[in-house]
1. For TRP10, what residues show an amide H to amide H distance below 5 Å, using hydrogens built from the backbone and excluding near sequence neighbours?
2. Between the DSSP loop rule and a limit of at most 11 other Cβ atoms within 10 Å, which trypsin sites (Lys or Arg not before Pro) in the stretch 177-283 are left?
3. For all pairs of alpha-carbon atoms in the stretch 1-123, what percent lies in each bin of width 10 Å, listed from the first bin to the last filled one?
4. Between GLU239 and VAL143, what is 0.36 nm times their sequence separation minus the Cα-Cα distance? Round to one decimal in nm.
5. In Å and from the alpha-carbon atoms only, list the Rg and Dmax of the stretch 136-283.
6. Report Rg/Rh for the stretch 203-283, rounded to two decimals, where Rg is the Cα radius of gyration and Rh the Kirkwood radius.
7. Please build a GNM for the chain, connecting alpha carbons under 10 Å apart, and tell me which residue among ALA209, ALA185, ALA80 fluctuates the most.
8. Have a look at GLY199, ALA85, VAL244 and report the one farthest towards the positive end of the charge dipole of the chain, computed about the Cα centre with Cβ charges (Lys/Arg +1, Asp/Glu -1).
Amino acid sequence: MLLLHGGTGWKEVGEDTLLSINECSERAFGLNDPLEMVVEAVRCMEDSGKFNAGIGSTYDLLGGRSLDAGAACCGKIGAAANVKATKNAVLLARYVMDLPPHMVAGEEADRMAELLGLPPLPPMSGEKRKQYEERVKKLLGFVPEELTLEILERLKGKEEGSGTVGAVALAGGRLASATSTGGIALKLPGRVGDSPIFGAGFYADEELACSSTGIGAKIVKVMPCLRLKSKLKEAGLAEAGREVLEEALREVGPSLGFIAVTRDGQAFWGTNYRKMVVSFKVL
Ligand code: ASP
């Protein structure tokens, strides 16, 4: 069983986006190890340029990019946050899983990716740069060259929009999950979201695998994957999933979508924040 998401918060979803997620699902479904499946699914979406991860990652307030990812399977987790030069943050998170327990971030994490021979993040496309300039001008009235106190003050009270990628898989009785994101458009440089945080953006144990999307700083207040896990003691996955979405809506407003599978073969996807792109395959 393999379930992918291409982020929530979408106002409209184009045909090419759906084609792309289905293509990645198809590629990854051919593998039989759940960890390989989720990593390949996420890598494929990172490379597609259609989602807010890898090549398609969104820009920060100064027009830079930074990526976060997490992966989990079989009692191990790995996470990489705030990487700026690595195309596939999920591959770095996957590598970290095999180290003594670690989560890595920043320049040193990029250096590690370079040592491993992971592909570098290519420059932002001209189209994306144009989009950035238009949006930042709308927000601030100009294209900033550096962060100033005045800019910080003006950001107070502004709402955020979102579009991450993630996958969960069940194969051979084992569960895995992976999540990767470029974060939130016009975020502050240095921001870290929920995606590399276990229990919030990604989660897998012997019973449940989960991957979230939405507004990171709100998601960590809810810890949706952990909350889902605790509700599974008393409810099936569908009921538990709906409850988590409703509670999150009440507590932090529309901001969250997630996908999940359980070891006994239940699957759930849902969002309380506009539309979420998903693809589901089961044998
Ligand atoms: N959750 C991601 C973050 O806050 C963004 C997203 O899901 O689109 O970094």
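What follows is calculated from the coordinates using simple rules that are stated; it is not laboratory data. For clarity, every value in this text was computed on a predicted model and none was experimentally measured. Here Cβ is always computed from backbone atoms with ideal geometry, including for glycine, and neighbour counts include all displayed protein chains.
1. LYS275
2. Working: sites: LYS187, ARG191, LYS218, LYS221, ARG227, LYS229, LYS231, LYS233, ARG242, ARG250, ARG263, ARG274, LYS275, LYS281; in loops: ARG191, LYS233, ARG263, ARG274.
Of the trypsin sites (Lys or Arg not before Pro), the ones in loops of the stretch 177-283 whose Cβ has at most 11 other Cβ atoms within 10 Å are LYS233.
3. Bins of 10 Å from zero give 14, 43, 35, 8, 0 percent of pairs.
4. Details: separation 96, 0.36 × 96 = 34.56 nm, distance 4.62 nm.
Contour length minus Cα-Cα distance gives 29.9 nm.
5. Answer for the stretch 136-283, Rg first and Dmax second: 17.0, 55 Å.
6. Details: Rg = 11.8 Å, Rh = 12.6 Å.
My calculation puts Rg/Rh at 0.94.
7. Among ALA209, ALA185, ALA80, the largest GNM mean-square fluctuation belongs to ALA185.
8. Highest projection toward the positive end goes to VAL244.
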